[in-house]
Amino acid sequence: METVYLHHETDMDGWRDAARRLILAGVAPYDVHWCVRPTEESIAQGEIFAMPSAESVPDTQAPPAKDGQQLMVSKQFVELARMVILHCATDRFGLLYRVLWRCQRERGLMRLTGDADVARLHAMAKAVGRDKHKMKAFVRFRETVVEGRPRYLAWFEPEHHIMAAIAPFFIGRFISMDWTIMSPRIGMHWDGKALQFLPGGMPEALPEEDASEALWLSYYRHIFNPARLKLKAMQKEMPKKYWHNLPEAELIEELIAEAGARTQAMLERPPEAPRRKIVGYKRKPD
Amino acid sequence: MQLKQKLEILADAAKYDASCASSGTEQRNSRDGNGIGSTTGMGICHSYAPDGRCISLLKILLTNFCLYDCVYCVNRVTSNVPRARFSIDEVVELTLSFYRRNYIEGLFLSSGIIQSPDYTMEQVVEVARVLREEHDFRGYIHLKTIPDASPELLARAGRYADRLSINIELPTAASLSSLAPEKDGVAIRVSMGRLRERIDASKDKTHTGKRPPRFSPGGQSTQMIVGADATDDRTILNASADLYGQYRLRRVYYSAFSPIPDASPVLPLQSPPLVREHRLYQADWLMRFYGFESHEIITGEQGMLALDMDPKTAWALQNRAMFPVDINRAPKATLLRVPGLGVRNVQRILSARRVRAVRLDDLVRMRAPINRMLPFIQLPDHHPGATLDATSLPAQLKETPAMPQQLGLFL
Ligand code: SF4
């Protein structure tokens, strides 16, 4: 049994190097044990959250190993691996290795979306993609002032290891703001120039709601049309697990409870004559 | 009036517009500037209201004062709803402060018509100009354009906006003139045609080698109200097919007419079932991504889509002679017509069957809705046999009606 120690949860480089060595040495998937070093140690080493990028995944252009053997790696595998490595399932490294191993022996394996392993990779990549998408959508900043400059703080609990992968999105969007996003496992802070990763935190550190948040709640309340309730559609896209970080979610129950009566009132109200003096509108002659 | 009150009135006035999309535009970010904002290809829904609609943009009216008297509209001149008007700076500030907190992707601004179409359009365009030029705002902007406004103003709108829209409102000229007397169906189409020309021109960088000015990179869209009069689904879908064909709209939105405060007595009291709106969207997708023609989708005499099953299943039941489809041999266009089979799974099947034959288990692992598909497909380990022709098949494929959620659920 071989044991591979990865440096952190999304250590694509470490996984790639080990996987290449093991494949070339002919070590079967059930003979490898993959594990990640404890987090504190990695933070101390300051190397955590390197971003997995296209270059850090084995590819067909990689220089052949000493004995001339080459790895068979398809583009689909590379793309999936970059996502799957961010998944929280602890067996992801082993699964990726098993598929890579099988790819050396089964031609066209990555095309078989119905294969149990490949289907699982797709499902995991999809879950990671959804988690990233929901993080882009549901992070909510609150404003506070630090040393005379506004700073934006948010608390978010992603399901997978996506913090580093999502950073470019928030930087590209809020480049001129100072912002911090905290989660239980890890935080990140952008000061307008550089990104810094922080150890995990607590939601209590968030500032109180401000006037803009109150306006946002008003907006949410009023953009809702009480004459149409589609609760399933809402919950499918905005599952309850996210609600406790969304300020507007506290209104949902009340809006639903009032909806029937509000609609009924609209229907029962007799039509009224206009209370203003109406001057008929004339189109300009063409 | 307080900002909060204005926001309430002007969001109330805007909520009957179904569109809130922030998709389809160019991809941008702020890495090279001092501004704020970015866009993604797919768009992002930042929240959902209990009406099931996505909240992606700050969707408001600049003002809900309006000179027109469109019967279905909450803002028509004869309605007694409270009125308000934002200043340009108020909209700009609100957009930016919501954007900085990551509540929204950008702004969807429209307006009731005050003074004149040109005056109104100028105000709307000015908001977009200030956001773009004074704040270097790179988020999404959708502007509702007023068909009677001058072509120069539409051209300026397209420079700042990611998407422009003109609501066609009703599928036929007759319904438009009876329900929206001041609106001119011809003018609407002329404006759509102009927008299309400019959008096309902005993409065409060949003849001088120079890049033409940016113009509404997210294209144009429109909205049709469903159920405010007796127009049937066939007429609606034909109108959509025509709009997609002639003006290359990115989207036609269908909005089931719903009760509004201070409704006009001319309107039907009963709103159409929400599921009708849903079926129209499904049929719309069949036309855009599945190779269906509008006339194929509805064949019944009433000209309405079935409410109790999706339009593809309904179509398949009427064309059973085409089935079963051999999943391992059928061409792509045929696979796309199999009930339950989506574009993505069709791709996966095409790719997998080059390696080996696709079997039932494969479809299960692709998470295709197997039960709906089985009567219509053939695999090495499955043949529908008599089930395909059974008279009981339509009943089996009916969707169990969801709880009527539209009204009264919480009374
Ligand atoms: S023009 Fe017609 S639809 Fe538009 S706001 Fe005025 S009344 Fe409503």
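Miscellaneous remarks
- Shape category assigned to the range B:181-314 from the gyration tensor of Cα positions, a/c cut at 1.5: oblate
- Accessible surface of the range A:213-268, 1.4 Å probe, proportion on carbon and sulfur as whole %: 56
- Ellipticity at 222 nm from helices only: DSSP H runs of n ≥ 4 in chain B, each -39500 (n - 2.57), divided by the residue count, give -10000 deg cm²/dmol.
- Derived scalar couplings ³J(HN,Hα) [the range B:134-140; Karplus, 6.51 cos²θ - 1.76 cosθ + 1.60; whole Hz; x for Gly, Pro]: 8, 10, 6, 7, 10, x, 8
- Averaged over the residues of peptide A:207-214, the number of Cβ atoms from other protein chains lying within 10 Å of each residue's Cβ is 2.
- Inter-chain Cβ neighbour average for residues B:348-358, partner chain, 10 Å: 4
- Accessible surface buried once B binds A (1.4 Å probe; total of both sides; Å²): 7200
- Counting Cβ atoms of other protein chains within 10 Å of each Cβ in A:231-238 and taking the mean gives 6.
- Cβ crowding within 10 Å averaged over residues, with B:146-157, B:4-15 ranked highest first: B:4-15, B:146-157
- Among the cysteines of the protein assembly as shown, those whose beta-carbon sits 4.7 Å or more from every other cysteine beta-carbon are A:Cys35, A:Cys88, A:Cys103, B:Cys20, B:Cys66.
- The tail of the calculated P(r) for the protein assembly as shown beyond 38 Å holds 45 percent of all Cα-Cα pairs.
- Building the convex hull from the alpha-carbon atoms of chain A and averaging its projection over directions returns 26.3 nm².
- Taking Cα atoms only, the orientation of helix B:185-203 departs from the longest principal axis of chain B by about 80 degrees.
- Heavy-atom accessible surface of the range B:99-255: percent carbon and sulfur, 1.4 Å: 50
- Couplings for the range B:92-103, taken from phi via the Karplus curve 6.51 cos²θ - 1.76 cosθ + 1.60 with θ = phi - 60°, read 4, 4, 4, 4, 5, 6, 5, 5, 4, 8, 6, 7 Hz in order; Gly and Pro are left as x.
- Long-range HN-HN contacts of A:Trp34 with modeled amide H, under 5 Å: A:Val4
- Surface analysis of the protein assembly as shown yields an accessible area of 44 Å² per residue, using protein heavy atoms and a 1.4 Å probe.
- Rule-of-thumb Rg ratio for chain B [Cα; 2.2 N^0.38 Å; N residues]: 1.08
- Packing-based order for B:49-60, A:78-89, B:316-327, B:249-260, using average beta carbon neighbours within 10 Å, highest first: B:49-60, B:249-260, A:78-89, B:316-327
- 3J(HN,Hα) couplings calculated from phi for the range A:251-260 with the Karplus curve 6.51 cos²θ - 1.76 cosθ + 1.60 (θ = phi - 60°) are, in sequence order, 8, 4, 4, 5, 4, 5, 4, 7, 4, x Hz; Gly and Pro show x.
- For the range A:139-205, the relative contact order works out to 25 percent when only alpha carbon pairs closer than 8 Å and six or more residues apart are counted.
- B:Glu182 long-range amide H proximity, modeled H, under 5 Å: B:Asp69
- Distance between the pseudo-spin-label points of B:Arg329 and B:Gln302 (7 Å out from Cα toward the beta carbon): 3.9 nm.
The values are calculated or read from the model by the stated rules, or taken from the named source; none is laboratory data. All values reported here derive from a predicted model rather than from experimental measurement. Ideal geometry is used to build each Cβ from the backbone, glycine not excepted, and the neighbour counts take in all protein chains shown. Calculation scope for accessible area: heavy atoms of the full protein, side chains included, ligands and nucleic acids excluded. Shrake-Rupley method; radii C 1.70, N 1.55, O 1.52, S 1.80 Å.
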